[in-house]
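> Handing you this structure, nothing more for now.
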Amino acid sequence: MTDQCETLRREIRARLPERLPQRLGVAVSGGGDSVALMHLLQDIAQSEQVALFSATVNHGLRPEAEAEAAWVAEQAAILGIPHETLIWRGWDGAGNLQDQARQARYRLLTDWAKRNEMTAIALGHTADDQAETVLMRLGRTAGVTGLSGMPYMRERDGITLLRPMLGITRKSLRGFLSAGNVDWIEDPSNHDSKFDRIKAREALSGLAPLGISAQSLARVAENLAQAREALDRYTQESARKVAVVDGGDVCIDRSGFELLPSEIQRRLIIGIIAWIAGNGYPPRSAAVDQMVAAVGEGQTMTLSGCLVIPQGDKTWFCRELNAVTTRTAAPTEVWDNRWVLSGPEASGVEVRALGEAGLPEVQNWRALGKPRQALLSSPAVWKGESLIAAPLVDYSNGWRAKFAPHWPEFYSSLLSH
């Protein structure tokens, strides 16, 4: 093994969990970064008796994509790595294509990992990607969280996403591939200046005289990530003092909330929304500020599928009914991405929101002490139009509601939202 290969392998290994999962995935587009990651991970996996699997997402947006995925499959086969091509057919021509493709890519990859009993996937983002992300977020006047860039590790839909190459440049990875006579595919979109990321890449090349490089910006992001972690821990400690969890809802003491620094108020709001409504992109800062004001003034407000309801000197955060009205699931399946209901054997039943039709069937719902709107969006078991059970509103009939295995405990979620 060459010195360059050994150096890269050591740096990647240092950014991976101390104990690797026995089955590990790697996302490989065919570009130089992900191809290099596949080769270097194979060395690590073999030395640690880890089964490595690879996948390529074909978004179906370029005619070359199918052939590129087939090429990746061939390269993986040479290394003895099982490969699967994941095909996206979800774009209807509306909305932000890049954003939808990115979301689809993560969804396809995490579903692939679950099917193959993997708990983690390695991604090929580099120091250059991190630097470009920082520059783009600077243009959006981002704060500490935004400028901390992409994390080395995060959870998404119950799967750990690993980015062990955020401190490594594209140049060094391509040098490694060239030294080993390993080919890769150049995506033509990497030179299309209509994309913000390519504009950031071009801008970065002009900042060298100031001593600003991909590695220096990646280091800045890492420094800010440490600051973000400190703020997250302060937010968690504050939440334990002013917030309590009741079923799937969060109730905060308004007077305690108002004593918190404004930055911690915002972070707590973002964390509550993420825990109740799901971990998508956080709401815009202006909307978060509006919700902070609504809490302080005792007003009702909805944001990102989450409803805020004042009640005396408390404020409740719950799921918005409109966000779950059309969602259904079979018993023991996940409903609204976080609930699993189980109970007696019954045919023809399904899980839906309790809603306006179901709440009148629960005679003692007022005794729960929660706002009426907070109960409407809770999961219930229905057979046609007949309510069978609503475990979270004390109408269980032998049924129970639990969080899905991937859904985090509220206070711990504040460290990873």
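The values are calculated or read from the model by the stated rules, or taken from the named source; none is laboratory data. Model, not experiment: these values are computed from the prediction. Neighbour counts run over all protein chains shown; Cβ positions are idealised from the backbone, glycine included. Remember, those area values only see protein heavy atoms, side chains included, never the ligands or the DNA or RNA. Shrake-Rupley method; radii C 1.70, N 1.55, O 1.52, S 1.80 Å.
> I'd like the carbon and sulfur percentage of the solvent accessible area for the chain, probe radius 1.4 Å, heavy atoms only, ligands and nucleic acids excluded.
Reported share for carbon and sulfur atoms: 50 percent.
> Using per-residue counts of other Cβ atoms within 10 Å, averaged over each peptide, order 269-277, 217-225 from highest down.
269-277, 217-225
> I've got another one for you. When only alpha-carbon atoms count, how far does the range 5-109 stretch along each of its three principal axes, as whole angstroms with the largest first?
45, 26, 23
> Which whole-number percent of Cα pairs in the range 143-257 have a distance greater than 17 Å?
74 percent
> Among Thr315, Pro408, Leu375, whose Cα projects farthest towards the positive end of the dipole of the range 314-410, with charges put on the beta-carbon of Lys, Arg (+1) and Asp, Glu (-1)?
Thr315
> Once both labels are modelled 7 Å past Cα along the beta-carbon direction, what's the Glu229-Glu18 spacing in nm?
1.4 nm
> Same structure, new question: Roughly what would the spin-label model give for Val244 and Leu138, points 7 Å off Cα along C-beta, in nm?
My value for the distance between the label points is 4.7 nm.
> Listed highest first by mean packing, meaning other Cβ atoms within 10 Å per residue, what order do 49-57, 26-34, 227-235 come in?
Ranked from most to least packed, the peptides come out as 26-34, 49-57, 227-235.
> Another question about this same structure. What order, most packed first, do the peptides 159-165, 245-251, 58-64 have when packing is the mean number of other Cβ atoms within 10 Å of each residue?
159-165, 245-251, 58-64
> Evaluate the distance, in nm, between pseudo-label points positioned 7 Å from the Cα of Glu11 and of Leu61 along their respective Cα→Cβ axes.
The modelled label-to-label distance comes out at 2.8 nm.
> Let me ask something additional. When a/c is below 1.5 the answer is rounded, else prolate if a/b is larger than b/c, else oblate, so apply that to the range 45-187 with a ≥ b ≥ c taken from the square roots of the Cα gyration tensor eigenvalues.
rounded
> Could you list the residues of the range 49-65 with an amide nitrogen less than 15 Å from a label point located 7 Å from the Cα of Asn116 in the Cα-to-C-beta direction?
Backbone N within reach: 50-58.
> Is there a pair in Lys241/Lys370; Lys114/Lys402; Lys114/Lys314; Lys370/Lys402; Lys314/Lys402; Lys171/Lys199 whose C-alpha atoms are over 28 Å apart, and which pairs would that be?
Lys114/Lys314
> Compute the accessible area per residue over the chain, keeping the other protein chains in place, probe 1.4 Å, unit Å².
I get 49 Å² per residue for this part.
> Taking the Cα of Phe195, stepping 7 Å toward and past its beta carbon, and measuring to each backbone N in the range 35-68: which are under 15 Å?
Residues 57-65 fall inside that zone.
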